[in-house]
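This report concerns only the one structure given below.
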Amino acid sequence: MRTRVIQDEPEHRPATPEPRPGLAAWVRDHRLTTFFVLAFGLAWWGWPLYQLDIWPRQAFQAVGALLAALIVIAVAEGRPGFRDLGRRMIRWRVPWYFYAFALGLPLLVRFAAVLVNSGPTPEWGDLAWTSFALMFLIRLVNPLDGPMAEEPAWRGFAVPRLQERRSPLVSAVILGVLVALWHLPLVGDTGWIGIAATFSITIVYVWLFNRTGGSVLLVLLFHNTQGFITMGDLNYAGADLARQELIEFVIWSVVAAVLVAVDRAAWRGNPRPPSDGVA
């Protein structure tokens, strides 16, 4: 697959400040390890307390992933690291069809699953489309919600560093496993199918991130579109809900498999597009 990606500057690892002794030096040498440990710890802290009846409610803090990335960047990279993440956050100069992919595919998957599902068809005219539009905008900037809490961290921080020593496919598989495990406290809400679907969707996220020259903005739009119309909005419950989640898992797994099989060049070697913008 050949795609045109427009960039203002070549991708590179943020410059590293001069070595400092102690904990900062260890974090600098183990950035990914530190990031993942912090991401799990900051997001999960309330889960074991809830299981032990010490904490009154199950507190899963999605913002823990974002905080983990910011902490590691502050300690290990400083301003160059923040500039690199900031550029990725506003990288919008990509071909239009990637916007269509990010905004259209999640809706296509959800509504295709609705058509396949043998349960009751939602009353489309009764859905609060104005409220959906407002929710879409809020989720784009709310650091306590999934898109803004996760995308700068998993894609903006973790993927480039995983791919320094690994192929994009291996990096995507590693990240998919870790992100799926990170969501375990939500298994009561999503079910095990939801956890498995997280792995499949991560493959799609990594493909989109790499093919847009490392744009966090595009994967943020993708994540936001994927979740702003919920199963509850479609009035699914019980067996209908379980069937809908299973169908979506199958569809996302097929999408991930197709991207791996068809766009093989995206999964080998250096994922960065050449400076002339052609990948």
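The values are calculated or read from the model by the stated rules, or taken from the named source; none is laboratory data. Note that the coordinates shown come from a computational prediction; the quantities given were computed from them, not determined experimentally. Because the Cβ atoms are built from the backbone with ideal geometry, glycine has one as well, and the counts that use them run over all protein chains shown.
Worth pointing out:
- Residues within the range 225-258 that are assigned to a helix (DSSP H, G or I), touching a Leu at 6+ places or on another chain (Cβ under 8 Å) and modelled with pLDDT under 95, tallied: 2
- Single residue of the range 1-41 satisfying the filter (part of a loop (DSSP other than H, G, I, E, B), under 23 Å from the mean Cα position of the chain (by Cα) and under 16 Å from residue 69 (Cα atoms)) that is modelled with the highest pLDDT: 30
- Given (1) more than 17 Å from residue 86 (Cβ to Cβ); (2) of a type in the set (Asp, Glu); (3) part of a helix (DSSP H, G or I), index of the condition residue 164 fails: (3)
- Within the range 222-255, being under 14 Å from the mean Cα position of the chain (by Cα) and surrounded by fewer than 23 Cβ atoms within 10 Å (Cβ to Cβ) holds for 225, 226, 227.
- For the range 160-173, residues that are out of contact with any helix residue (DSSP H, G or I) (no Cβ under 6 Å at 6 or more places or on another chain) and free of Cβ contacts under 8 Å to residues at least 60 places away in the same chain total 4.
- Qualifying residue in the range 42-60 (condition: modelled with pLDDT of 70 or more, touching a helix residue (DSSP H, G or I) at 6+ places or on another chain (Cβ under 6 Å) and surrounded by fewer than 17 Cβ atoms within 10 Å (Cβ to Cβ)): yes
- Residues in the range 67-115 that are among the aromatic types (Phe, Trp, Tyr), assigned to a helix (DSSP H, G or I) and under 18 Å from the mean Cα position of the chain (by Cα): 98, 99, 101.
Every residue, every condition in (1) touching a residue at least 12 places away in the same chain (Cβ under 8 Å); (2) hydroxyl-bearing (Ser, Thr, Tyr), yes or no:
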position: 225; (1), (2): yes, yes
position: 228; (1), (2): yes, no
position: 233; (1), (2): yes, no
position: 236; (1), (2): yes, yes
position: 250; (1), (2): no, no
position: 253; (1), (2): yes, yes
position: 260; (1), (2): yes, no
position: 267; (1), (2): yes, no
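Yes/no matrix, rows are residues, columns are (1) surrounded by fewer than 20 Cβ atoms within 10 Å (Cβ to Cβ); (2) modelled with pLDDT of 90 or more; (3) touching a Lys or Arg at 6+ places or on another chain (Cβ under 6 Å):
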| position | (1), (2), (3) |
| --- | --- |
| 95 | yes, yes, yes |
| 108 | yes, yes, no |
| 122 | yes, no, no |
| 125 | yes, no, no |
| 168 | no, yes, no |
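- Identity of the residue in the range 191-206, buried (at least 18 other Cβ atoms within 10 Å of the Cβ) and without any contact (Cβ under 8 Å) to a residue 40 or more places away in the chain, that ends up nearest to residue 242 (Cα to Cα): 195
- Residue count for the range 167-190 satisfying the condition of being within 16 Å of the chain's Cα centre (by Cα) and not in a helix (DSSP H, G or I): 1.
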